[in-house]
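Novice: What follows is a single structure, and I will ask about it in a moment.
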Amino acid sequence: MAQEKPMSEAYNGKGDEIAVDVGQSTELLDDNFGRKQELERNFSIWSLIGAAFIGVPTWSVIVISLNLGIYQGGPALIIYGPISVAPFSLLISLSLAELASMFPTTGGPQEWSYRLGGRPGVFWSWLTAWANLVGWAIGLPLVGIATSLSITGLAVLYNPNYSPKTWHIFLIGEGCIAVGAIINIYGRKLVPLIDHIGFYWYFIVLLILVIVPISTADTKATPEFVFKTFINSTGWSSDFVCYMTGLNFIAAAFIGIDSVTHLAEEVPRPSVNLPRAIILAPIVGFIATFTMLVCIMFSIPADSFESILTSPIGYPLIQIVLNATESRTASLIITLLVLYISVQNIMNCCQISSRVIWSFARDGGFIFPKFFREVHPTLAAPVRAIYAVWAIGTVLMLLFLGCTSAFNALTSAFVIMFHITYCIPIVIFLLRRRTSPFTTGFPLGKFGFAINTIAVAYMMFTSVMFFLPGFMPVDGLNMNYAFGIVGVTAIIALTSWFITGRENYLQDGAGVVISL
């Protein structure tokens, strides 16, 4: 615990010392809020921005999940989905950027809930941490399965007699997760470099996807087909419900906004650089996504759209490029280029989720906190937390073995968990009438209340819609199990709170509770 000193200047958003009046005492804090600096600051601003583009994956997730949009809305959903989601994603980003500048620590949202919540903030921080942890953990098998589907799709491309089995997809996806975990354990010096390369790779691949399909397709789609065709193959009688349930995979592409906040102890001037990365990712992501999707959809004439729906390849991007270029080699090369980003997504999910577990354990949370809070002395990485993420991702991926529609449920649960994570600290800040003893280097000013309120309303409404099944009538195979995933998480979080959390979490002097 920091020693008592006279009150100093308020936090100025630049990592300077601050003091907070807590009852009769005054605590002197630094930019880690009294915590020991345990991770190396080896991320440059460009590495951080690269990590942000992967953390908020936008087009790279949409392009590997096009099959979901094709069935649940068709061209209209694929084109108008990003327009529906991106403005609200920006409002969420603005809200989180303000808080990240105010509290630039690895804990991210769980830290914000704690600092703003008064004494009940310990409980709200606990719930935020569990939601954030499970959200990132779900992201790992999601990207693992999508990456596996791209690999099996290439196998079908070159061997039409091959029929991928569910366990094939599982094993390949598990191998991809293992690669992500191993890089995070043994390649800590490589991770910033990979993220830096990813910054350029992101735009190079995007440019290829914008140019190649539309320039090589002999027949182009009409504007009427691209902008006015809505396909409802879900069984829902309401096109609105079909559109909203189909929107979850696009919402998933604009989620993960908190990703870079969990790297706060690994970047210079986090209170300045974190907001920049948080805001830049969804803005650039939307421009890139919309441009790419318009070009791709114009490369698919209406009479060949059915071939994408019925393709045995099972990975729409491969079939789209194949139809346009009539070249298996071109399809292979472009898919491999996208595959690099998918593997980087896996690496990023593993990195961020391990930091969430590690920071949670450091504050006395998670399970066996003293065990999982350790940083390996020579590898300088939270190795045990990385192994935990690997194990959780594997367990969640097992759901895919039992039910292939679990991918949709995982996508819905992924978005809902992040919405819970973001809503808690934002709502607490609103209940405080947006006042805090900490100042921020990124103030929203007079627009803050409206921005926060609209962001919360959007997250609450879409979360309810994403609990609905994607297809009707509902049976055991197409049921949306997101409610079960969220429910089990709530039970674990609440049970562990009453068993150990309320006695141990944030009780070791890691921080101070701020009175309302």
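Novice: Quick one: would you say residue 462 is modelled with pLDDT of 85 or more, over 24 Å from residue 362 (Cα atoms) and β-branched (Val, Ile, Thr)?
Specialist: yes
Residue by residue, here is whether (1) more than 28 Å from residue 241 (Cβ to Cβ); (2) surrounded by fewer than 18 Cβ atoms within 10 Å (Cβ to Cβ); (3) in contact (Cβ under 8 Å) with a residue 60 or more places away in the chain holds:
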{"site": "442", "(1), (2), (3)": "yes, no, yes"}
{"site": "448", "(1), (2), (3)": "yes, yes, yes"}
{"site": "454", "(1), (2), (3)": "no, yes, yes"}
{"site": "462", "(1), (2), (3)": "no, no, yes"}
{"site": "478", "(1), (2), (3)": "no, no, yes"}
{"site": "482", "(1), (2), (3)": "no, no, yes"}
{"site": "485", "(1), (2), (3)": "no, no, yes"}
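Novice: So, one more: If I go through the range 175-200 residue by residue, how many of them are buried (at least 20 other Cβ atoms within 10 Å of the Cβ) and of a type outside the set (Val, Ile, Thr)?
Specialist: Adding up the residues that qualify gives 7.
Novice: Enumerate the pairs (first residue in the range 191-207 and over 22 Å from residue 295 (Cα atoms); second residue anywhere and buried (at least 19 other Cβ atoms within 10 Å of the Cβ) and at pLDDT 80 or above) with beta-carbon separation below 6 Å, excluding pairs fewer than 6 apart on the same chain, so at least 6 apart or on different chains.
Specialist: Final answer for the pair search is 198/344.
Novice: Would you point out which residue out of 471, 414, 438 is touching a residue at least 24 places away in the same chain (Cβ under 8 Å), surrounded by 19 or more Cβ atoms within 10 Å (Cβ to Cβ) and not in a loop (DSSP other than H, G, I, E, B)?
Specialist: Details: 471 fails: not in a loop (DSSP other than H, G, I, E, B); 438 fails: not in a loop (DSSP other than H, G, I, E, B).
Step by step, each of 471, 414, 438 is checked, and only 414 is touching a residue at least 24 places away in the same chain (Cβ under 8 Å), surrounded by 19 or more Cβ atoms within 10 Å (Cβ to Cβ) and not in a loop (DSSP other than H, G, I, E, B).
Novice: Go through the range 270-317 and give me each residue that's outside any helix (DSSP H, G or I) and free of Cβ contacts under 8 Å to residues at least 60 places away in the same chain. First the steps, then the outcome.
Specialist: Taking the range 270-317 as the starting set, the residues that turn out to be outside any helix (DSSP H, G or I) are 299-301, 310-315.
Result: 310, 311.
Novice: Go through the residues of the range 202-214 one by one and say whether even a single one is part of a loop (DSSP other than H, G, I, E, B) and crowded, with 17+ Cβ neighbours inside 10 Å. Reasoning before the result, please.
Specialist: The first filter runs over the range 202-214 and keeps only residues part of a loop (DSSP other than H, G, I, E, B), leaving none.
Within the range 202-214, none of the residues are part of a loop (DSSP other than H, G, I, E, B) and crowded, with 17+ Cβ neighbours inside 10 Å.
Novice: Further, regarding this structure: Whether any residue in the range 372-379 is within 23 Å of the chain's Cα centre (by Cα) and part of a helix (DSSP H, G or I) is what I want to check.
Specialist: Yes, the range 372-379 has at least one match.
Novice: Still on this structure, please answer the following. Please tell me if residue 143 is in a helix (DSSP H, G or I), within 30 Å of residue 330 (Cβ to Cβ) and modelled with pLDDT of 90 or more.
Specialist: No; evaluated as a whole, the condition is false for this residue.
Yes/no matrix, rows are residues, columns are (1) surrounded by fewer than 19 Cβ atoms within 10 Å (Cβ to Cβ); (2) farther than 21 Å from residue 339 by Cα:
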| residue | (1), (2) |
| --- | --- |
| 280 | yes, yes |
| 288 | no, no |
| 311 | no, no |
| 317 | no, no |
| 321 | no, no |
| 328 | yes, no |
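Novice: Is one or more of the residues making up the range 226-241 in a helix (DSSP H, G or I) and within 24 Å of residue 337 (Cα to Cα)?
Specialist: The answer is no, given that none of the residues of the range 226-241 is in a helix (DSSP H, G or I) and within 24 Å of residue 337 (Cα to Cα).
Novice: If only one of 239, 218 is free of Cβ contacts under 8 Å to residues at least 60 places away in the same chain, closer than 27 Å to residue 298 by Cα and in contact with a strand residue (DSSP E or B) (Cβ under 8 Å, 6 or more places away or on another chain), which one is it?
Specialist: On inspection, the qualifying residue turns out to be 239.
Novice: Residue by residue through the range 228-251, note down the ones that are modelled with pLDDT under 90 and under 12 Å from the mean Cα position of the chain (by Cα).
Specialist: 249
Novice: Something else about it: For the range 384-402, what are the residues that are open to solvent by less than 20 Å² (accessible area, probe 1.4 Å) and touching a residue at least 40 places away in the same chain (Cβ under 8 Å)?
Specialist: Scanning the range 384-402 gives 386, 389, 393, 397, 400.
Novice: Can you find even one residue in the range 349-371 that is over 24 Å from residue 121 (Cβ atoms), of a type in the set (Val, Ile, Thr) and either at pLDDT 90 or above or outside any loop (DSSP other than H, G, I, E, B) (or both)?
Specialist: no
The values are calculated or read from the model by the stated rules, or taken from the named source; none is laboratory data. None of these values were measured; they are calculated from a predicted model. Counting neighbours? That spans all protein chains shown, and the Cβs are built from the backbone with ideal geometry, glycine included. Ligands, DNA and RNA are excluded from the accessible area calculation, which covers all protein heavy atoms including side chains. Shrake-Rupley method; radii C 1.70, N 1.55, O 1.52, S 1.80 Å.
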